[in-house]
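The values are calculated or read from the model by the stated rules, or taken from the named source; none is laboratory data. Keep in mind the model is a prediction, meaning the values are calculated, not measured. Cβ placement follows ideal geometry from the backbone for every residue including glycine, while neighbour counts extend to all protein chains displayed. The area values use the complete protein model at the heavy-atom level, side chains included, leaving out ligands, DNA and RNA. Shrake-Rupley method; radii C 1.70, N 1.55, O 1.52, S 1.80 Å.
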Amino acid sequence: DVKVTQSSRYLVKRTGEKVFLECVQDMDHENMFWYRQDPGLGLRLIYFSYDVKMKEKGDIPEGYSVSREKKERFSLILESASTNQTSMYLCASRTTNTGELFFGEGSRLTVL
Amino acid sequence: QKEVEQNSGPLSVPEGAIASLNCTYSDRGSQSFFWYRQYSGKSPELIMSIYSNGDKEDGRFTAQLNKASQYVSLLIRDSQPSDSATYLCAVTPAGGTSYGKLTFGQGTILTVHP
């Protein structure tokens, strides 16, 4: 089974703090994604990566950056957290042959 | 027009009935189609994928794809209370590269009552 692991399930941070969300997958997938999910807004793509050190902006990249130094690990960084970044963050990885996307358990971030 | 549209529901069906969930998409060249189930407070879980016109069955689930009409549906037979969740339709757009991103619908809330 595909395993996508997010390091933190619940985080509480203060405005202005730097926040790191880590994601690791064990299936050697090339493609990895970060989404946020908010009530009424659905899943929105923040960034994705199609290979090590490669990244592409998604639909809502403002206020976020990412890092992919190793194939299995994709990190989301909030340089200076703001209250409007309170959300559920979902990491996913994807097969290139079938295109199926597999999600981690999610990280619920609260910014006070 | 939204790229992927679903009726937000809630859709309520009695236990044992067939639940029918529908999704339409705007990009005629879309190639891959997926259904995800998401329980409250949990992450989406892939339950079906379909790539060609017609029906695809997996246990109590059947996905139906009609590219000419640009819709994809999910039927859940013998619905159980444990099927109560939000169901997300996702589509890979036309011309997508191997790393093409999926576009998700807003989701349909399904409630199966005993």
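Structure data summary
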{"item": "Residues of the range A:19-42 that turn out to be among the hydrophobic types (A, V, I, L, M, F, W, C), open to solvent by less than 20 Å² (accessible area, probe 1.4 Å) and without any contact (Cβ under 8 Å) to a residue 24 or more places away in the chain, as a count", "result": "0"}
{"item": "Unique residue being open to solvent by 30 Å² or more (accessible area, probe 1.4 Å) and either of a type outside the set (D, E, K, R) or in a strand (DSSP E or B) (or both) when the list is B:49, B:12, B:43", "result": "B:12"}
{"item": "Of the criteria (1) under 22 Å from residue B:11 (Cα atoms); (2) more than 13 Å from every other protein chain (Cβ to nearest Cβ); (3) loosely packed, with under 12 Cβ neighbours inside 10 Å, which one residue B:68 fails", "result": "(1)"}
{"item": "Which listed residue is within 20 Å of residue A:101 (Cβ to Cβ), open to solvent by less than 50 Å² (accessible area, probe 1.4 Å) and either hydroxyl-bearing (Ser, Thr, Tyr) or away from chain A (no Cβ under 11 Å) (or both), from B:79, B:32", "result": "B:32"}
{"item": "Residue A:89 being open to solvent by 60 Å² or more (accessible area, probe 1.4 Å) and within 14 Å of chain B (Cβ to nearest Cβ)", "result": "no"}
{"item": "Selection status of residue A:106, small (Gly, Ala, Ser), closer than 27 Å to residue B:106 by Cβ, at the interface with chain B (Cβ under 9 Å from one of its Cβ atoms) and open to solvent by 60 Å² or more (accessible area, probe 1.4 Å)", "result": "no"}
{"item": "Options A:75, A:8: the member that is over 23 Å from residue B:39 (Cβ atoms), within 14 Å of the chain's Cα centre (by Cα) and more than 12 Å from chain B (Cβ to nearest Cβ)", "result": "A:75"}
